[in-house]
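First up is the structure itself, then whatever we jot down about it.
The values are calculated or read from the model by the stated rules, or taken from the named source; none is laboratory data. Quantities reported herein were computed from a predicted structural model and do not represent experimental measurements. Note that each Cβ is placed from the backbone with ideal geometry, even for glycine, and that neighbours are counted across all protein chains shown.
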Amino acid sequence: MKRKTYLATICILLFPAILCSCSGNGHKGTTNSNGEIERKVDSLVSIMTLDEKIGQMNQVSVTGDVSAYAERLRSGEIGSVMNLTDPDAVNQYQKIAVEESRLHIPLLIARDVIHGFHTIFPIPLGMASTFDTGLMEKASRIAACEATAAGIRWSFAPMCDLARDSRWGRIAESGGEDPLLSGSMAAAMVRGFQTDDPSAPDALAACVKHFAGYGASEGGRDYNSANISPRQFRNFYLVPYEDAVKAGAMTVMTSFNDIDGIPSTGNPYLLKEILRKEWGYDGLVVSDWSSAGEMVAHGFAKDEADAARIAVNAGCEMDMMSFTFISNLKRLVDEGLVKKETIDEAVKDILRIKFELGLFDHPYTDTSRIRTAFYRKESLAAAEKAAEESAVLLKNEDNALPLDASRIRRILVTGPMADNARNQIGTWAFDGDPSHVVTPLAALREKYGKKIDIVFYPALKSTRDCDESGIAKAAALAGQADVVIAFLGEEAILSGEAHCLAEISLKGAQGKLLEALHKTGKPIITSIMAGRGLCIGKEIENSDALLYSFHPGTMGGEAIIKLLFGEAAPSGKLPVTLTRHTGESWYYDRMNTGRPATGKEVLLDKIPDDAFQTALGNTSFYMDSGSKPLFPFGFGLSYAEFELSGIKLDKSEYALKDSIRVYARLSNVEGPDACEVVQLYVRDVAGSTVRPIKELKAFKRVEVPAGRTCGISFVIPVSDLAFYGADMTRKVEPGDFELWVAKDSDSGTPVKFSVTE
Ligand code: BGC
């Protein structure tokens, strides 16, 4: 690490612009530095017994009561514990490991710190909709400061699983459907957690998970097989993991799923060939919860001992909670089924992380830090900023938004998410205290309670409530109000791990509530908070304006009210395509097919009654939903009207070693000061294999004051156009390309260029 920090410092001084590439060298630990840590690791391993080594490979989820684990800690049977959140308890555990075990090896203390620890930021899908990597880094820094104050030094994040199916509950924890966006966000999280000096007491080791392909689980059902072709795997799914690994992530977690019949925890091609050989990774590989032992249920191992053998030989070095390593490895080594050297390599990777985190020098947590660590003013401000930047304005008919408080006498606030502290912080927010959450209702009352008559009637108890008896009253109250704000969406429990849905429209009677409200003729403002991209075609129709937030966290309510009343302008963009129906499958970087839709297809309601096998267009579309999704990836409106113009490239023909310089102007032609996320897409017109319709190659958040025009530029190395083609090597294929600078993935006019040998 020291060398990395030193290098980075030189880079800042000499070449500020290349800082990113300097910090993106992958986790090299200290193996390349002065070798001091490596020597310590080697000498420690040389005096360890086999039992002690196997103990280091054992990770246990514990409770606060140390007495139940004391003996195992003393005898060195546990290398890492997870789920402690109290620094006193952490210190008690460390004390036994460090002072009472033979070799005094400290524990790695782990926890899922996914989108904040106590101060909860928007769920990762919401962080992705900010397209703001700087803010992601800041949010992760804040999360690390809070978590380390509780004694946690290892977080199981970022999740880098590319997700194209909103039925999958864990899409909430993902960066969405695009490899570049997911990878950029994941890398930012790694930087924010670890910093350049992971030995600092407020640094947290990152864990790239779930390696690999977990987001493609078949049918959107968790833990399911992922059927990904080798080329798709390389060109799409592996990208975010690699970006996070190259950002220096110290640890990687295997995934639950199998790919083409091989569970990841037992897949040497993934864990050795790709991760270590191709990417040069030298950190620690941990299993997912019990995923080593689960290879028995997969039908890949005949019993638990076999599972341990397969996992360790494949390159899995720490067993999270299946206890198959601790129970079987000694015998497997004795029988020659696992080599001693394999165990030594694993233990070295574990110990190296402990040295790099400074745990041997400073095993204990300063318990005083916790007093001022959580919910700091600046942390709450950052969480609010993130919630604000992540909200996506999907409709704003006749400028229904922003609301003008001076013209409103009475507002009806309705819907089950208006005042739902626990649920607005989303999945993986165990440590977020609902009493600190600002709900939209609370923020509205606080800001406008004295000026506006705020009538609150939720009408439904929860987002799943099917009882329609409150709807008539809600409609009657709407009739007496100047404007209605309906807060709809999903409770936290409807997304997350093993919380998948077969039907992803709004649950309960929420749709009916909105329909009844809309019928009153009053302006209907809908604010949705959810863990995934829902099918909201009807809700869009029944709303004058609709603001979509992926569970926005502690300060979500404050941010939403500010946006609704124009204190800030929305700037979030969809990190996933939204469909009209659950049965549709769309993602923007799909292939064109030989028969792409033309938009002229005949839909169900236009098919004559007596039609028999009539051609309806013979293209790739849905008869009952059309040829386009509801909203494309990258879409999001603002209160300002932005125009992109003057899009040009510095050349029309590029050599392989060149960079493409792209220029454009962004004008804020009407409305307030605001921010637009400018997106650059490229299409490779013809390749040795079919190529996506377009691919995001760069993005930028650009603030433009009202009435002003900004010049923007991008520099895209031609090498960024490389892909795995017919021969499965990654390279740029010379030929013709199209390039868009646009406000979403489905608009704009392309500029052409070509690449020559
Ligand atoms: C999840 C991981 C998580 C681990 C530890 C597993 O069930 O898949 O993402 O890090 O539990 O809580």
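Some observations on this one:
- In this structure, Ile142 does not satisfy being of a type in the set (A, V, I, L, M), assigned to a loop (DSSP other than H, G, I, E, B) and either surrounded by fewer than 24 Cβ atoms within 10 Å (Cβ to Cβ) or more than 14 Å from the ligand (Cβ to nearest atom) (or both).
- Taken over segment 265-279, the residue count meeting the criterion of being over 14 Å from Ala297 (Cα atoms) and among the hydroxyl-bearing types (Ser, Thr, Tyr) is 1.
- Unmet criterion (only one of (1) more than 16 Å from the ligand (Cβ to nearest atom); (2) out of contact with any Phe, Trp or Tyr (no Cβ under 9 Å at 6 or more places or on another chain); (3) at positive phi) for Phe131: (2)
- The lone exception for Gly508 - which of (1) in a loop (DSSP other than H, G, I, E, B); (2) on the phi < 0 side of the Ramachandran plot it fails: (2)
- Scope segment 145-168; condition part of a loop (DSSP other than H, G, I, E, B) and more than 14 Å from the ligand (Cβ to nearest atom); matching residues: Ala150, Gly151, Arg153, Leu162, Arg164, Asp165, Ser166, Arg167
- Residue within segment 341-348 that is touching an Asp or Glu at 6+ places or on another chain (Cβ under 7 Å) and within 16 Å of the ligand (Cβ to nearest atom) present: no
- Here Pro263 passes the criteria (1) within 16 Å of the ligand (Cβ to nearest atom); (2) touching a Gly at 6+ places or on another chain (Cβ under 9 Å) except the one numbered (2).
- So Phe300, is it under 26 Å from Asn83 (Cα atoms), more than 16 Å from the ligand (Cβ to nearest atom) and either assigned to a helix (DSSP H, G or I) or touching a residue at least 12 places away in the same chain (Cβ under 8 Å) (or both): no
- Per the conditions (1) within 30 Å of Val677 (Cβ to Cβ); (2) touching a Ser or Thr at 6+ places or on another chain (Cβ under 6 Å), the sole criterion not satisfied by Trp428 is (2).
- You will find that of Val286, Val312, the residue that is among the β-branched types (Val, Ile, Thr), more than 16 Å from the ligand (Cβ to nearest atom) and out of contact with any His (no Cβ under 9 Å at 6 or more places or on another chain) is Val312 and no other.
- When segment 402-427 is filtered for residues that are in contact with a helix residue (DSSP H, G or I) (Cβ under 6 Å, 6 or more places away or on another chain) and more than 22 Å from Leu506 (Cβ to Cβ), the ones remaining, listed by number, are Leu403, Ala405.
- Lone qualifier among Ile343, Ile326 - being surrounded by fewer than 24 Cβ atoms within 10 Å (Cβ to Cβ) and either part of a helix (DSSP H, G or I) or in contact with a Lys or Arg (Cβ under 6 Å, 6 or more places away or on another chain) (or both): Ile326
- Looking only at segment 218-242, and only at residues there that are outside any helix (DSSP H, G or I) and within 16 Å of Ser182 (Cβ to Cβ), the one that is nearest to the ligand (Cβ to nearest atom): Ala226
- Taken together, Arg376, Arg422, Arg445, Arg407 contain a single residue that is of a type in the set (D, E, K, R) and buried (at least 17 other Cβ atoms within 10 Å of the Cβ), which is Arg445.
- Matching residues, segment 667-688, being touching a Lys or Arg at 6+ places or on another chain (Cβ under 8 Å) and surrounded by fewer than 15 Cβ atoms within 10 Å (Cβ to Cβ): Val685
- Cβ-Cβ under 6 Å pairs, at least 6 apart or on other chains, segment 94-120 side closer than 16 Å to Tyr69 by Cβ and modelled with pLDDT of 95 or more, far side in a loop (DSSP other than H, G, I, E, B) and among the basic types (Lys, Arg): Ile109/Arg153
- Strands (runs of 3 or more DSSP E) completely within segment 387-495 that count 1 or more residues being in contact with a Phe, Trp or Tyr (Cβ under 8 Å, 6 or more places away or on another chain) and closer than 22 Å to Gly556 by Cα: 392-396, 410-414, 453-456
- Across segment 584-601, the number of residues qualifying as in contact (Cβ under 8 Å) with a residue 12 or more places away in the chain, over 18 Å from Arg231 (Cα atoms) and not hydroxyl-bearing (Ser, Thr, Tyr) comes to 8.
- One residue stands out among those in segment 682-704 that are more than 21 Å from Glu177 (Cα to Cα) and in a strand (DSSP E or B): the one that is nearest to the chain's Cα centre (by Cα), which is Val702.
- For Gly176, the conditions (1) within 14 Å of the ligand (Cβ to nearest atom); (2) over 18 Å from Ala206 (Cα atoms); (3) not aliphatic (A, V, I, L, M) are fulfilled apart from (1).
- Sole exception among (1) modelled with pLDDT of 95 or more; (2) more than 23 Å from Leu393 (Cα to Cα); (3) part of a loop (DSSP other than H, G, I, E, B); (4) of a type outside the set (D, E, K, R) for Phe633, by number: (2)
- Residue within segment 571-585 that is of a type in the set (Val, Ile, Thr), crowded, with 22+ Cβ neighbours inside 10 Å and within 13 Å of Glu388 (Cβ to Cβ) present: no
- Residue match in segment 275-282 (condition: closer than 17 Å to Val208 by Cα and within 16 Å of the ligand (Cβ to nearest atom)): no
- When residues of segment 243-265 are limited to those that are in contact with a strand residue (DSSP E or B) (Cβ under 7 Å, 6 or more places away or on another chain) and assigned to a loop (DSSP other than H, G, I, E, B), the one surrounded by the fewest Cβ atoms within 10 Å (Cβ to Cβ): Phe256
- Asp88 being under 30 Å from Val347 (Cβ atoms), within 16 Å of the ligand (Cβ to nearest atom) and touching a residue at least 24 places away in the same chain (Cβ under 8 Å): no
- Positions within segment 346-377 being touching a strand residue (DSSP E or B) at 6+ places or on another chain (Cβ under 7 Å) and in a helix (DSSP H, G or I), in sequence order: Asp349, Ile350, Ile353, Lys354
- Of all residues assigned to segment 740-757, at least one qualifies as being in a strand (DSSP E or B), of a type in the set (A, V, I, L, M) and more than 30 Å from Ala391 (Cα to Cα).
- Top-ranked residue of segment 145-164 - restricted to ones that are over 13 Å from the mean Cα position of the chain (by Cα) and more than 22 Å from Trp289 (Cβ to Cβ), ranked as surrounded by the fewest Cβ atoms within 10 Å (Cβ to Cβ): Cys145
- Residue match in segment 226-243 (condition: over 30 Å from Met529 (Cα atoms) and in contact with a Pro (Cβ under 9 Å, 6 or more places away or on another chain)): yes
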